[in-house]
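The values are calculated or read from the model by the stated rules, or taken from the named source; none is laboratory data. What you are looking at is a predicted structure, and each value in this text was computed from that prediction instead of being measured. Here the Cβ positions follow ideal geometry from the backbone for every residue, glycine too, while neighbour counts run over all protein chains shown. Accessible surface areas use protein heavy atoms only, side chains included; no ligands, DNA or RNA. Shrake-Rupley method; radii C 1.70, N 1.55, O 1.52, S 1.80 Å.
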Amino acid sequence: MSAIRGSIARALPVVLATAALLTCTIPGSAAATDTTSTKVLTGDQLAASWTGPLSTRGRYIVDANGNRFKLKAGNWAGAQGTWEGSGDLNDPANNQARQVSHNLPLGLDRVPMAQLLADFHGLGLNSIRLPFANALIHDTTVVPESAVAANPQLRGKTPLQVFDAVVAALTADGFAVILNNHTTTYRFCCGLDGNERWNSGQSTQQWQDDWLFLVNRYKANKRVAGADLRNEIRRDTWDDPNWGWGDEHDAYKAFEDAGNKILQADPDMLIIMEGINWYGIPLNGLNYGRPMLTPVRTLSHTLIESGKLVYSAHFYGYTGPNYTGADSGAGHTNDWPYEDFPLDQLKQLVSDEALYVTQSGQHFTAPVWISEFGAAGRGSDDSKEKTWFGNFTDILAEHDTDFAIWPLVGWSNTAGVPNDNWALISYDPTGRRQSLSDPGDWRTNDWNKLINAAGATGPVAQVNHWNMLNTDYGDQNVSRTMLANSDWSPGNRKGNCPDTERLAGLSRLKHRGLCTDANQPAKGTGGWVTVSDARYVTHGDWASGYDKFECPDNHFAVGFSVNGTAMAGLLCAPSAKPLPVANRVAWFDRGDNRPATGGAIENDWAPQDYKGQCADNEYLAGVAYTWNLWQGGWSDGKKAVPDALLCRSLS
């Protein structure tokens, strides 16, 4: 997203057409945070402080040793392009803040790479969000020598080769790198610019292929830690993005499909998913807004690796939950920007739109990375934005939230006036620097407060997972085993749990399932069993008058299939040890039947539907259903919806 209010005002109107269980140390309160200086690590010290790859445990990101790794990041922009869409690409007047990036990370023309990285260390950063355009991957032109004047070792290279060198330098100096697919073309984001969705200006297949190309390119470098799938999904001229409709505008499906393909190529990558940044036409009286992560509350993602999902969101003071950021003219509405909300309401908004996802033990539980926020620095007289920035950094500090400020690097003129006063570091044509660490930037104390904020450190305990399966529009197969095997229920929609989890619940009509690894039994070595009839019902009739699917003895359910709304089958995996067979039947034909305690019970994984859920210390061994009309089934003789679960103790 543009961090320049003027760019947003020109672009956006065009749209018109708590915590997980820890063994970590949590130091004193954020109120006592040092705001006068930044704790600085050298490259060697940063590199020694953590080991890749990164994973997640509950709301926290951890390194390979299980230690908390809080993303304290900045956006090193430029490789996504700075051209604003008209006129000569090389004319500063046609580029964001008169900065011509030549589609490279900004600053390489002005200071050596080593100085850039040293200045990043000086800000207290440990990670870099590195935006790129899909166009960069396919660009075979050689960069102008002027674009890398301060780094002659980069002469004669293509933009991708320069990007390679930047990634290598960052990771060698200890930084974690998060690759961010910011745009399709080199046009500066964000408005009606041809970059609104992952498949704007390209096919979904091409977008996935580009991701797999980059992931495989950097696979051996475990400090290339994450794939931030797409920046600021928003409305284009005619269509809104959606979350779960199953069509070509479905961000939920696109992100899950891409994330799982990336994990099949490289199981070590974090998969970072941003919510929907804007939908609707911003005219008073119409339906429009900025939902961000609110849809995740009832429709969250499940990946083939349970500890790899991170959600992200962006906040700027001049935008709002229903406000584009346009301060006049087309696109301007009477809604409030975030900077107009009182602090208590701002906290609630940030929680409702993003930070609630960190609640432990739910189907959506994941770290939340605020991967863009910022404010104008030197020379700004915007008192409302200054207050908002202080309040927002307080919220991040109090919640111990991972963050990335926008942007890190910009240009300044020889008089020291920044082209882009949102940048934390500016360089003039001679390489002279102005940084937050230099006098004169009002943001310094707020930044130091955030960088030095108290928070969880050290080892983070393993956590249990609860994950949704959603078969509304097709298969949701997140099992590595079943992805490598043939279709176990042809002609039906299937939900298969990750290999480390088992099926724990079903909804009656909405085609949803719930998986967990709580008290997970080890899987045996035998083949998985497809159950499509009652042949394994061998321990009594536990649902008289109903048809039943039941796993063989010493097997537990790991998947289900449906046809229409009707049950079609169960997939059962063998246990490595014998399992008890005492029956408990959980009926959910007339209302929810979920445990009073345990995981995934405080939020709804199948809204407006009855749900059955086994307890965390049970395994799901069978499902009862009926086709009799007087028992709630179908009158046309088809197999009916599930009505009861067979739950058995794991001990």
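Scanning for something outside any helix (DSSP H, G or I) and basic (Lys, Arg), does segment 260-272 turn up at least one residue?
Within segment 260-272, none of the residues are outside any helix (DSSP H, G or I) and basic (Lys, Arg).
Please pick out the residue among Gly174, Gly246 that is under 22 Å from Val310 (Cβ atoms) and assigned to a loop (DSSP other than H, G, I, E, B).
After applying the criteria, what remains is Gly174.
Assuming Thr430 fulfils every condition listed in (1) closer than 30 Å to Thr500 by Cα; (2) at pLDDT 95 or above; (3) not aromatic (Phe, Trp, Tyr) apart from one, which condition is it?
Thr430 satisfies all of (1) closer than 30 Å to Thr500 by Cα; (2) at pLDDT 95 or above; (3) not aromatic (Phe, Trp, Tyr) except (1).
Of the conditions (1) assigned to a loop (DSSP other than H, G, I, E, B); (2) modelled with pLDDT of 95 or more; (3) closer than 18 Å to Ala404 by Cβ, Leu46 fails just one. Which one is it?
All conditions pass for Leu46, except number (1).
Being part of a loop (DSSP other than H, G, I, E, B) and open to solvent by less than 30 Å² (accessible area, probe 1.4 Å) is the filter here, so list the residues in segment 313-325 that pass it.
Within segment 313-325, Phe315, Tyr316, Gly317, Tyr318, Thr319, Pro321, Thr324, Gly325 qualify.
Condition first: part of a strand (DSSP E or B), closer than 30 Å to Asp352 by Cβ and not basic (Lys, Arg). Can you find one or more residues in segment 589-604 that meet it?
Yes: segment 589-604 contains one or more residues that are part of a strand (DSSP E or B), closer than 30 Å to Asp352 by Cβ and not basic (Lys, Arg).
If you check Ile281, Ile276, which single one turns out to be surrounded by fewer than 22 Cβ atoms within 10 Å (Cβ to Cβ) and not charged (D, E, K, R)?
Ile281
Quick one: which residue in Val350, Val310 is out of contact with any Asp or Glu (no Cβ under 9 Å at 6 or more places or on another chain), β-branched (Val, Ile, Thr) and open to solvent by less than 10 Å² (accessible area, probe 1.4 Å)?
Checking each option against the conditions leaves just Val350.
Could you tell me whether Asn284 is within 16 Å of Gly307 (Cα to Cα) and not acidic (Asp, Glu)?
no
Any idea which of (1) of a type in the set (Gly, Ala, Ser); (2) under 30 Å from Gly599 (Cα atoms); (3) at pLDDT below 95 is the one Ala31 doesn't satisfy?
Every condition holds for Ala31 apart from (2).
May I ask you to list pairs of residues, at least six apart or on different chains, whose Cβ atoms are under 7 Å apart, with the first in segment 373-386 being acidic (Asp, Glu) and the second being open to solvent by less than 40 Å² (accessible area, probe 1.4 Å) and assigned to a loop (DSSP other than H, G, I, E, B)?
Asp382/Ala376; Glu385/Gly317; Glu385/Tyr318; Glu385/Ala375; Glu385/Ala376
Any chance segment 616-626 includes a residue that's over 14 Å from Leu503 (Cβ atoms) and modelled with pLDDT under 95?
yes
Among Asp193, Asp209, which is the only one that is closer than 23 Å to Tyr316 by Cα and surrounded by fewer than 24 Cβ atoms within 10 Å (Cβ to Cβ)?
From the options Asp193, Asp209, the qualifying one is Asp193.
Answer yes or no as to whether Ser328 is assigned to a strand (DSSP E or B), among the hydroxyl-bearing types (Ser, Thr, Tyr), more than 29 Å from Arg502 (Cβ to Cβ) and out of contact with any helix residue (DSSP H, G or I) (no Cβ under 7 Å at 6 or more places or on another chain).
Considered against the rule, which asks whether it is assigned to a strand (DSSP E or B), among the hydroxyl-bearing types (Ser, Thr, Tyr), more than 29 Å from Arg502 (Cβ to Cβ) and out of contact with any helix residue (DSSP H, G or I) (no Cβ under 7 Å at 6 or more places or on another chain), Ser328 comes out as no.
Taking Gly289 and the conditions (1) at pLDDT 95 or above; (2) touching a helix residue (DSSP H, G or I) at 6+ places or on another chain (Cβ under 7 Å), which numbered condition does it fall short on, given that it satisfies the others?
So the condition that Gly289 fails would be (2).
Tell me the residue from Asn221, Asn216 that is modelled with pLDDT of 95 or more, outside any loop (DSSP other than H, G, I, E, B) and surrounded by fewer than 19 Cβ atoms within 10 Å (Cβ to Cβ), please.
So the residue among Asn221, Asn216 that is modelled with pLDDT of 95 or more, outside any loop (DSSP other than H, G, I, E, B) and surrounded by fewer than 19 Cβ atoms within 10 Å (Cβ to Cβ) is Asn216.
So, of the residues in segment 81-128 that are of a type in the set (A, V, I, L, M, F, W, C) and part of a loop (DSSP other than H, G, I, E, B), which turns out to be surrounded by the fewest Cβ atoms within 10 Å (Cβ to Cβ)?
Residue satisfying both the conditions and the ranking: Leu89.
What strands (runs of 3 or more DSSP E) lie completely within segment 356-473 and have 2 or more residues being closer than 30 Å to Asn65 by Cβ and open to solvent by 10 Å² or more (accessible area, probe 1.4 Å)?
466-470
Of everything in segment 582-609 that's aromatic (Phe, Trp, Tyr) and open to solvent by less than 70 Å² (accessible area, probe 1.4 Å), which residue is nearest to the chain's Cα centre (by Cα)?
Filtering first and then ranking leaves Trp605.
Is it the case that His301 is touching a helix residue (DSSP H, G or I) at 6+ places or on another chain (Cβ under 8 Å), farther than 29 Å from Phe69 by Cβ and crowded, with 18+ Cβ neighbours inside 10 Å?
The answer is no for His301.
Looking at Thr333, Thr302, which is the one that is touching a Pro at 6+ places or on another chain (Cβ under 6 Å) and part of a loop (DSSP other than H, G, I, E, B)?
Step by step, each of Thr333, Thr302 is checked, and only Thr333 is touching a Pro at 6+ places or on another chain (Cβ under 6 Å) and part of a loop (DSSP other than H, G, I, E, B).
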